[in-house]
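Structure provided below as structure tokens; questions to follow.
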Amino acid sequence: MLGMANFYTETYKKNLPVRTVFVLWNEILRDGVLICIGLATGEVFDMNNWLKENWRWAALNGLALAVMLSIATRPGVTWNTFRDNDPVLEAGKWGLRFLLISMAVTPLSRYFGWRSLIPLRKPAGLWAFGFGALHYLLVILYDLPLGMNWLTFPLAPFITLGLISLLILAAMALTSNQAAMKALGKNWKRLHRLVYVASLLIVIHALLATQSSKKLFGDDQAKLEITIYLAVLLVLLLARLPLVRNAVKRLPMRRYGTA
């Protein structure tokens, strides 16, 4: 029994993914227990005050959860058919939407002083990965008649870009905690700057996918919508350039402290 305990202890110390997953799970359990105790006693946890302080966080996560459940329980379509609100396409689009929300937090906070949005950056990014993973799973379940046989080289360009971006988002989601920040040190920031690469790859992936086959994505408006997302993404990326930041600082802009 002691040997097994030592084995788990050493695994925890040496394996960053295991450690980060453990920390995330521990935080979820801790917060869940505190909320349950508060709801039962009415003393430890004040729901009204919590909602006043965290209503944006609750609204974002509530919306994301409702949308994900709706997509995950929606009937799928076969390779040879398509319809509006296809779950594969919807999961991908919602992943891109949440990624843009996460990336928009810093510019909105910097240029308009909307610092109350900062707590939304991390959950929005995590939901972006969650919807991306759901998109990938639904592709396997519904859109690829050959199952995993499509993972043969050479891969289609849009599949390659999608997989690379999903791996980047997975790495970022796995390291979005204090334990990973401490373990990675300066490399943590370098890793999370890959979000700019991932966002561009996702948009290009989506544009190529919508052009590849109407059997794969039946939403006629998808290309136009994704083009709009590309424009939004370019604005968000430009807003991070020092030249743009310095130019905006010189403008007579009123800054707001709350959003």
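The values are calculated or read from the model by the stated rules, or taken from the named source; none is laboratory data. All of these numbers come straight from a predicted model, not from anything done at the bench. Glycine gets a Cβ as well: all are built from the backbone with ideal geometry, and neighbour counts include every protein chain shown.
Which of the residues belonging to the stretch 119-137 are among the hydrophobic types (A, V, I, L, M, F, W, C) and either modelled with pLDDT of 90 or more or under 8 Å from the mean Cα position of the chain (by Cα) (or both)? Let's see the steps before the verdict.
Step one: of the stretch 119-137, the residues among the hydrophobic types (A, V, I, L, M, F, W, C) are 120, 124, 126-129, 131, 133-134, 137.
Correct list: L120, A124, L126, W127, A128, F129, F131, A133, L134.
May I pose another question? Out of S116, S102, S109, report the one residue that is assigned to a helix (DSSP H, G or I), crowded, with 20+ Cβ neighbours inside 10 Å and small (G, A, S). Before you say what the answer is, go through the steps one by one.
Working: S116 fails: crowded, with 20+ Cβ neighbours inside 10 Å; S109 fails: crowded, with 20+ Cβ neighbours inside 10 Å.
Going through S116, S102, S109 in turn, just one is assigned to a helix (DSSP H, G or I), crowded, with 20+ Cβ neighbours inside 10 Å and small (G, A, S): S102.
Does the stretch 222-241 hold any residues that are charged (D, E, K, R) and assigned to a helix (DSSP H, G or I), and which are they? Write out each step before concluding.
Quick first cut of the stretch 222-241, residues charged (D, E, K, R) only: 223, 225, 240.
Within the stretch 222-241, K223, E225 qualify.
Can you give me the number of residues within the stretch 209-224 that are within 22 Å of A133 (Cα to Cα) and either modelled with pLDDT of 85 or more or among the polar types (S, T, N, Q) (or both)?
4
Something else now. So, in the stretch 226-251, how many residues would count as being out of contact with any Ser or Thr (no Cβ under 9 Å at 6 or more places or on another chain) and under 16 Å from R97 (Cα atoms)?
Residues in the stretch 226-251 being out of contact with any Ser or Thr (no Cβ under 9 Å at 6 or more places or on another chain) and under 16 Å from R97 (Cα atoms): 8 in total.
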